[in-house]
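Student: Mind looking over this structure? Questions follow.
The values are calculated or read from the model by the stated rules, or taken from the named source; none is laboratory data. Computed from a predicted model, the values in this text were never measured in an experiment. Backbone-built Cβ (ideal geometry, glycine too); neighbour counts: all protein chains shown.
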Amino acid sequence: DAKTTQPPSMDCAEGRAANLPCNHSTISGNEYVYWYRQIHSQGPQYIIHGLKNNETNEMASLIITEDRKSSTLILPHATLRDTAVYYCIARRINDYKLSFGAGTTVTVRA
Amino acid sequence: DGGITQSPKYLFRKEGQNVTLSCEQNLNHDAMYWYRQDPGQGLRLIYYSQIVNDFQKGDIAEGYSVSREKKESFPLTVTSAQKNPTAFYLCASSRDRDRGGEQYFGPGTRLTVT
């Protein structure tokens, strides 16, 4: 799986959009980008994934650059409950596993 | 409610004892996984199972064993051979291998061995 690089931490103001970057410059054509988050002392939660096109669901939007070397997860209106570690993961189609790195610790401040 | 349950939430054992962590799901998922998380780090895959009576080693299987006798259950045994067993253990499931990227996680079991 391609290596992903994320900033170790970032702050966000409550009610504002949170833009979480992820670099995956070595991603191959058959690798999806997945995002998960883990609230303190809980199990990770799936957020969204995509291959080439931008994706949106009830939780977030995923913007993937045209060359697929980077992506941004957007939380449109951050709340205090969005404080968590966010993981960006590159995963081959039909691979059995997810490779979690250190992620980005996002702190939403009132 | 559908989901994954892990019990207990906290577990304490003496060194040299085997301990079994429970994981049950009622999502009718084919695939199940066990991960380990150490403080400040990401998750590492221990074992996974794509179907009943079948399982494969992940990245850090040494000192662990699993069974998959029922679709709903995937218990993990931490044996005395595991050198550093104290960790946060997470169980997950996915509908099948095709949807293996969308994993649903349980609340975890925090194991402390002294």
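Student: If I filter the range B:11-29 down to residues being touching a Ser or Thr at 6+ places or on another chain (Cβ under 8 Å) and not in a strand (DSSP E or B), which single residue comes out as farthest from the other protein chains (Cβ to nearest Cβ)?
Tutor: My answer is B:16.
Student: Suppose we filter the range A:67-99 for residues that are assigned to a loop (DSSP other than H, G, I, E, B) and at pLDDT 90 or above; how many remain?
Tutor: 8
Student: Just to check your reading of the model, which residue among A:80, A:20 is under 10 Å from the mean Cα position of the chain (by Cα) and touching a residue at least 24 places away in the same chain (Cβ under 8 Å)?
Tutor: Being under 10 Å from the mean Cα position of the chain (by Cα) and touching a residue at least 24 places away in the same chain (Cβ under 8 Å) holds for just one of A:80, A:20, which is A:20.
Student: So which residues in the range A:8-35 are among the small types (Gly, Ala, Ser), more than 12 Å from residue A:78 (Cβ to Cβ) and outside any strand (DSSP E or B), if there are any at all?
Tutor: A:25, A:28, A:29
Student: For the range A:36-50, what are the residues that are in a loop (DSSP other than H, G, I, E, B) and more than 7 Å from chain B (Cβ to nearest Cβ)?
Tutor: Result: A:39, A:40, A:41.
Student: Taking the residues in the range A:54-71 that are surrounded by 17 or more Cβ atoms within 10 Å (Cβ to Cβ) and touching a residue at least 40 places away in the same chain (Cβ under 8 Å) as candidates, determine which candidate is farthest from the chain's Cα centre (by Cα).
Tutor: A:68
Student: Identify the single condition in (1) of a type in the set (Ser, Thr, Tyr); (2) surrounded by fewer than 17 Cβ atoms within 10 Å (Cβ to Cβ); (3) within 11 Å of chain B (Cβ to nearest Cβ) that residue A:79 does not satisfy, given that it satisfies every other one.
Tutor: Evaluating residue A:79 over (1) of a type in the set (Ser, Thr, Tyr); (2) surrounded by fewer than 17 Cβ atoms within 10 Å (Cβ to Cβ); (3) within 11 Å of chain B (Cβ to nearest Cβ) leaves (3) as the failure.
Student: Select, from B:39, B:75, B:8, the only residue that is away from chain A (no Cβ under 14 Å) and either within 25 Å of residue A:91 (Cα to Cα) or exposed (fewer than 13 other Cβ atoms within 10 Å of the Cβ) (or both).
Tutor: Sole residue among the options that is away from chain A (no Cβ under 14 Å) and either within 25 Å of residue A:91 (Cα to Cα) or exposed (fewer than 13 other Cβ atoms within 10 Å of the Cβ) (or both): B:8.
Student: Yes or no: residue B:48 over 16 Å from residue B:107 (Cα atoms) and in contact with a Gly (Cβ under 8 Å, 6 or more places away or on another chain)?
Tutor: yes
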